[in-house]
Amino acid sequence: MLAMLLCCVYAQTAAQPVTPSAKYFLFFKTWNFLKYYHPRFAGGEIEADSLFVQKLILLKKATSKEELNVFLVNMVDGAGWLEQKIRKRVH
């Protein structure tokens, strides 16, 4: 699921300007994915609403699709590696 999300984000990116509506749409989609599917959010380790407000303020700095892609990938990476958490639950 994460790979699909990142592929969608990557497909949307290039070194061209990003529209505000596209920027917010991709941010909301990524945050929603983290909030509802990432184990650290579900377990209460990370407060989803605080992350939303913190990252929303920083989102204004992303002006190109490439910058937006880097921003969103860093947001997902900052939450922790998903496969690592899932493997720990299985073993």
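Read the figures in this text as sums done on the coordinates, not as results from a lab. Treat the numbers as computed from the prediction; the structure is a model and nothing was measured. Don't worry about glycine lacking a Cβ; one is built from the backbone with ideal geometry, like all the others, and counts go over all protein chains shown.
Just so you know, the averaged projected area of the alpha carbon convex hull for segment 30-71 sits at 3.0 nm². Which links in Lys35/Lys65; Lys35/Lys61; Lys23/Lys60 stretch past 18 Å when you go from one Cα to the other? Listed pairs above 18 Å: Lys35/Lys65; Lys35/Lys61. With a cut-off of 14 Å between beta carbons, the residues surrounding Val53 carry a summed charge of +1, where Lys and Arg count +1 and Asp and Glu -1. Electrostatic tally near Tyr24: other residues with Cβ closer than 12 Å to its Cβ, Lys and Arg +1, Asp and Glu -1, net +4.
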